[in-house]
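As structure tokens, the structure follows; a few thoughts come after it.
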Amino acid sequence: MAKLLIVYGTTEGQTRKIAERMAQRARDTGHEVALHDATALPGDIEPAAFSAVIVAGSVHIGRHQSSIDHFVRTHRAALENRPSALVSVSLSAAGDEHDRQDARECAEHFLAGTGWRPTAIHLAAGAFRFSQYDFFKRWIMRRIAREKGTPSDTSQDYEFTDWLALDGFVDDFLAGAGPGR
């Protein structure tokens with residue numbers, strides 16, 4: 001079984017929820033998992049001590065969190081010497097083909113900027129977390145929701161993550177990760 005490291009960056013909490021789901025899925029299938037928020041990594045974290053690594057981050061205004069950018073740049077060599085994956089979380093991943101292309105381009109931009117070449121990439125749909133937004137962001141996100149024809153009642157949150165697709169991605173990734181080191 002693999003010894004898996006999952007590092008995530010989150011803004012309103014949906015990517016944390018996705019990372020926790022991936023960690024639980026891996027544990028349920030017998031893998032050992034270390035789960036860390038990229039903003040609070042232990043100083044001695046060493047991806048080389050793991051047999052596989054998943055980095056998850058959400059896209060806001062076309063960019064992933066600086067904390068995961070820093071993690072990937074710092075540990076790129078170790079990431080490329082073992083199975084590694086990027087899980088890029090955005091609302092665009094739940095949209096039409098044009099929106100999904102935007103999501104792919106954001107992931108590609110992140111990878112080009114860091115120089116990282118992961119063995120797998122998964123685009124996960126995020127959520128409208130109206131309860132987490134300030135007044136201005138709530139107004140902007142409501143407008144975006146209306147333009148896309150998605151629910152826009154700001155008194156509740158809306159989740160678009162395809163949990164079964166995420167589970168399938170984790171299963172496939174871990175099957176390719178091989179036995180632990």
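Here is how the numbers come out for the structure above:
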{"item": "Residue ID - nearest to Ser92 (Cα to Cα), chosen from residues in segment 127-149 that are in a loop (DSSP other than H, G, I, E, B) and in contact (Cβ under 8 Å) with a residue 24 or more places away in the chain", "result": "Arg129"}
{"item": "Count of residues meeting criterion [surrounded by 15 or more Cβ atoms within 10 Å (Cβ to Cβ) and either in a helix (DSSP H, G or I) or of a type in the set (Phe, Trp, Tyr) (or both)] in segment 81-97", "result": "4"}
{"item": "Matching option when the condition is modelled with pLDDT of 85 or more, in the same structural domain as Glu20 (by TED's automatic domain parsing), touching a Gly at 6+ places or on another chain (Cβ under 9 Å) and of a type in the set (Ser, Thr, Tyr), among Ser88, Ser84", "result": "Ser88"}
{"item": "Filtered residue count, segment 33-66, keeping only those that are of a type outside the set (Val, Ile, Thr), buried (at least 18 other Cβ atoms within 10 Å of the Cβ) and not in a loop (DSSP other than H, G, I, E, B)", "result": "8"}
{"item": "Segment 1-26 - residue that is assigned to a helix (DSSP H, G or I) and aliphatic (A, V, I, L, M) and, of those, surrounded by the fewest Cβ atoms within 10 Å (Cβ to Cβ)", "result": "Ala23"}
{"item": "Residue check for Arg100: in a loop (DSSP other than H, G, I, E, B) and within 20 Å of Pro118 (Cα to Cα)", "result": "no"}
{"item": "Failed condition for Leu164, given (1) at pLDDT below 95; (2) loosely packed, with under 12 Cβ neighbours inside 10 Å; (3) not acidic (Asp, Glu)", "result": "(1)"}
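The values are calculated or read from the model by the stated rules, or taken from the named source; none is laboratory data. This structure is a prediction, so every number in the text was calculated from the model and none was measured. Using ideal geometry, Cβ is built from the backbone for each residue, glycine included, and neighbour counts are taken over all protein chains shown.
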